[in-house]
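K.L.:
One structure coming up, written as structure tokens, with questions to follow.
The values are calculated or read from the model by the stated rules, or taken from the named source; none is laboratory data. Note that this is a predicted model, so its numbers are computed, not measured. No Cβ is skipped: glycine too gets one built from the backbone with ideal geometry, and neighbour counts run over all protein chains shown. The area values use the complete protein model at the heavy-atom level, side chains included, leaving out ligands, DNA and RNA. Shrake-Rupley method; radii C 1.70, N 1.55, O 1.52, S 1.80 Å.
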Number of protein chains: 2
Amino acid sequence: MIRLMLAEYGVAFDLDEVSPWKREQAFLEVNPAATLPVLFDDEGAVVVGPLAAIHHIERFHAPEAVGGLVPTDPAGQAETWRLTEWALGKFNDEVTRYVIEEKIGKRELRSGSPEPAVLRAAKHNLAEHLQYFAFLFATRSWVAGKELTLADFALAAHFSCLDYLGDIDWDAAGEAKDWYARLKSRPAFRPLLVDRMHGMPANPTYADLDF
Amino acid sequence: MIRLMLAEYGVAFDLDEVSPWKREQAFLEVNPAATLPVLFDDEGAVVVGPLAAIHHIERFHAPEAVGGLVPTDPAGQAETWRLTEWALGKFNDEVTRYVIEEKIGKRELRSGSPEPAVLRAAKHNLAEHLQYFAFLFATRSWVAGKELTLADFALAAHFSCLDYLGDIDWDAAGEAKDWYARLKSRPAFRPLLVDRMHGMPANPTYADLDF
């Protein structure tokens, strides 16, 4: 999500790879919560966690010349934060976290193979979320309304991770498929589509704009 | 937390009591995630969830004449959001949610008595968090630094809930006790201290400024 924001705003950055599951001491000293992202700003600020990163970018790196990712009207702003929180909180807790921990965390820690019951629960929850997104997309083009917002990037980042692992059945995704196809075509999305995890190939259509 | 923000900013409001555990249809229609808070603004905006509420208040109700609850310098802003997220996310997930669900959710749903193993886990986690807060308070007066911020209200709201239920051992709380005593003495805190849940008395020192 943070990479999408930075790309959308045209902010250059370097990436370091961190495995939060390993809880390495050097990383815990930067962030005792062992979460990502962590941003190191050119001016020396260390920005820890999604909320801090979002606000740091919005405040210090959003170009004034382009429209921002948070609407300025009360209803649009509220809907953007409601659904950003949905993606970062509810969707993560009920879907993405399970899939990532089972498929990637366990692999990195060499702590066994994914638990089928957990993956089934995540799949079931994803289907419920997709129903809700279909309900939203019936009346709006983007997650929070008529315009692209932070909420689209928040949710699309989760979709991208799940899609890499082949965990989205696009035939059953309804309107969310069209929405994701539109996001995937944006320049800001390109860097994510060339990502590859060592030893874990992407789903064959992961980078296809027509999937 | 939202009540503390509104009181600090001098914004008047009425309270409705909602039991999110009951998942009542009328409430789910307003917020399908069944979370609190939900704000109904005089101008008609419906503001759903903690992040939307925080931003709505900061943007539309923070008086310009007083200092706000989010520092304007990059480091202070980042630390405020990092620790606000800590309270809303990590502390809630590891401590408050367990206690509230076991002691209040189950009671409201008449779905059995609190599970001792869950309460023991919450107690253990709280002790770890208190150690971290002691580390923070060794070098700062407020959670995120030299000034009172959003992060203090976020964490104090959790402390207040736990304290009501008698789940904080203040003798073992170290510097967090002094910090909480300072917050408890603020005018914004007073309305919380007169709260009483029907049929569930508060810990005897809940409202005492000297506890």
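K.L.:
On average, how much area does the Cα convex hull of the protein assembly as shown cover when viewed from any direction, in nm²?
P.N.:
The orientation-averaged projected area of the Cα hull of the protein assembly as shown comes to 21.5 nm².
K.L.:
Is it possible to state the helix-based mean residue ellipticity at 222 nm for the protein assembly as shown, with each DSSP H run of 4+ residues giving -39500 (n - 2.57), the sum divided by total residues, to the nearest 500 deg cm²/dmol? What is it?
P.N.:
For the protein assembly as shown, the value works out to -13000 deg cm²/dmol.
K.L.:
May I ask you to evaluate 6.51 cos²θ - 1.76 cosθ + 1.60, the Karplus curve with θ = phi - 60°, for each residue of region A:177-193 and list the ³J(HN,Hα) values in order in whole Hz, giving x for glycine and proline?
P.N.:
Rounded to whole hertz, the list is 5, 4, 4, 5, 4, 5, 5, 4, 7, 6, x, 4, 7, 3, x, 5, 6.
K.L.:
Okay, next question. Pop out the ³J(HN,Hα) list for region A:42-55 in order, Karplus 6.51 cos²θ - 1.76 cosθ + 1.60 with θ = phi - 60°, rounded to Hz; leave Gly and Pro as x.
P.N.:
4, 7, x, 6, 9, 10, 10, x, x, 5, 4, 5, 4, 5
K.L.:
Shortest first and in nm with one decimal, please list how far the residue A:25 label point sits from its counterparts in the other copies (point 7 Å along Cα→Cβ).
P.N.:
For residue A:25, the inter-copy label distances come out at 6.0 nm.
K.L.:
Let me ask something else about it. At a 1.4 Å probe, what is the % contribution of carbon and sulfur to the accessible area of chain B? Show your work: numbers first, answer last.
P.N.:
Details: 5550 of 10720 Å².
Ligands and nucleic acids excluded, carbon and sulfur give 52 percent.
K.L.:
From other protein chains only, count the Cβ atoms within 10 Å of every residue's Cβ in B:38-51, then give the mean.
P.N.:
The shielding value for this peptide is 4.
K.L.:
Checking an interface number: how much accessible area is buried between B and A, summed over both chains, with a 1.4 Å probe, in Å² rounded to 100? Before the final figure, lay out each step's value.
P.N.:
Working: alone 11910 and 11890 Å², together 21420 Å².
When B and A are taken together, about 2400 Å² of accessible area is lost.
K.L.:
Report residue A:35's accessible area, 1.4 Å probe, all protein chains in place, as a number in Å² to the nearest 10.
P.N.:
Near enough 60 Å² of accessible area.
K.L.:
For chain B, rounded, prolate or oblate, judged on the Cα gyration tensor with a ≥ b ≥ c (square roots of eigenvalues), a/c < 1.5 rounded, else prolate if a/b > b/c?
P.N.:
Note, shape of chain B comes out oblate.
K.L.:
Would you list, by chain and number, the aspartates and glutamates whose Cα falls below 13 Å from the Cα of residue B:184, excluding same-chain residues fewer than 8 positions away?
P.N.:
B:8, B:152, B:163, B:208, B:210
K.L.:
Percent relative contact order of chain A, based on C-alpha pairs within less than 8 angstrom and at least six residues apart?
P.N.:
21
K.L.:
Put +1 on the Cβ of every Lys and Arg and -1 on every Asp and Glu Cβ in chain A; which of A:25, A:109, A:50 then has its Cα farthest towards the positive end of the dipole?
P.N.:
Checked the options; the winner is A:109.
K.L.:
Relative to the other copies, what are the label-point distances for residue B:42, with labels 7 Å from Cα along the C-beta vector, expressed in nm at one decimal and sorted shortest first?
P.N.:
4.5
K.L.:
Residue A:8: net charge of surrounding residues, Cβ under 15 Å, Lys/Arg +1, Asp/Glu -1, itself excluded? Walk me through the numbers on the way to the answer.
P.N.:
Values: positive: A:3, A:182, A:184, A:186, A:190; negative: A:58, A:64, A:147, A:152.
For residues surrounding residue A:8, the net value is +1.
K.L.:
If you take the charge dipole of chain A about its Cα centre, with +1 on Lys and Arg Cβ and -1 on Asp and Glu Cβ, which of A:174, A:157, A:1 is farthest toward its positive end?
P.N.:
Checking the options against the dipole of chain A, the answer is A:174.
K.L.:
Not counting ligands, DNA or RNA, and with a 1.4 Å probe, what is residue B:39's accessible surface area in Å² rounded to the nearest 10?
P.N.:
Accessible area, nearest 10 Å²: 30 Å².
K.L.:
Would you mind working out the accessible area per residue for chain A, using a 1.4 Å probe, and quoting it in Å²? Mind dumping the intermediate values first?
P.N.:
Working: 10700 Å² over 211 residues.
On a per-residue basis, chain A sits at 51 Å².
K.L.:
Give me a single rounded figure for B:80-93: the average over its residues of other chain Cβ atoms within 10 Å of their Cβ.
P.N.:
5
K.L.:
Who wins for biggest fluctuation among B:124, B:61, B:198 in a Gaussian network model of chain B, springs between alpha carbons below 10 Å?
P.N.:
Most flexible of the set in this elastic network: B:198.
K.L.:
Once you keep just the Cα pairs under 8 angstrom separated by 6 or more residues, what percentage relative contact order results for region B:138-211? Spell out each step's value before the answer.
P.N.:
Working: 42 pairs, mean separation 21.8, N = 74.
30 percent.
K.L.:
Apply the Karplus parameterisation 6.51 cos²θ - 1.76 cosθ + 1.60, with θ equal to phi minus 60°, to every residue of region A:16-26 and state each ³J(HN,Hα) to the nearest whole Hz, in sequence, with x for glycine and proline.
P.N.:
With the stated coefficients, region A:16-26 comes to 10, 8, 10, 10, x, 5, 6, 6, 6, 4, 4 Hz.
K.L.:
Determine the dipole magnitude for the protein assembly as shown: charges of +1 sit on the beta-carbon of Lys and Arg, -1 on that of Asp and Glu, nothing else is charged, the reference point is the Cα centre, and the result goes in debye to the nearest 20. Before the final figure, lay out each step's value.
P.N.:
Values: 42 positive and 64 negative charges, 172 e Å.
It comes to approximately 820 debye.
K.L.:
Quick one: accessible surface of residue A:133, probe radius 1.4 Å, all protein chains present, in square angstrom to the nearest 10.
P.N.:
0
K.L.:
Once the label point is placed 7 Å from Cα along Cβ, list for residue B:113 the distances to the corresponding points in the other copies, in nm, shortest first.
P.N.:
4.3
K.L.:
Still on this structure, I have one more. Rounding to the nearest 20 debye, state how big the charge dipole of chain A is about its Cα centre with +1 on each Lys and Arg Cβ and -1 on each Asp and Glu Cβ.
P.N.:
440
K.L.:
Got a sec? What order do B:210, B:169 fall in by accessible area at 1.4 Å, biggest, i.e. largest, first?
P.N.:
Listed by decreasing accessible area, they come as B:210, B:169.
K.L.:
Hey, another quick one. I want the local charge near residue A:206. Using Cβ-Cβ distances under 12 Å, sum +1 for each Lys or Arg and -1 for each Asp or Glu among the other residues.
P.N.:
With Lys, Arg at +1 and Asp, Glu at -1, the neighbours total -2.
K.L.:
Oh, and also: For peptide A:68-75, how many partner chain Cβ atoms fall within 10 Å of a residue's Cβ, on average?
P.N.:
3
K.L.:
A follow-up question, please. In what sequence, largest accessible area first, do A:43, A:79, A:94 appear using a 1.4 Å probe?
P.N.:
Details: A:43 155, A:79 35, A:94 60 Å².
Final ranking, largest accessible area leading: A:43, A:94, A:79.
K.L.:
A further question follows. Considering Cα pairs under 8 angstrom that are at least six residues apart, work out the relative contact order of region A:14-94 and quote it in whole percent.
P.N.:
Relative contact order here is 13 percent.
K.L.:
Next question. With a 1.4 Å probe and all protein chains kept in place, how do B:123, A:184, A:90 rank by accessible area, largest first?
P.N.:
Details: B:123 150, A:184 0, A:90 55 Å².
Solvent-accessible surface, decreasing: B:123, A:90, A:184.
K.L.:
State the answer as a single residue: which of B:72, B:142, B:11 lies farthest towards the positive end of the charge dipole of chain B, with beta carbon charges of +1 for Lys and Arg and -1 for Asp and Glu, about the Cα centre.
P.N.:
It is B:142, whose Cα lies furthest towards the positive end.
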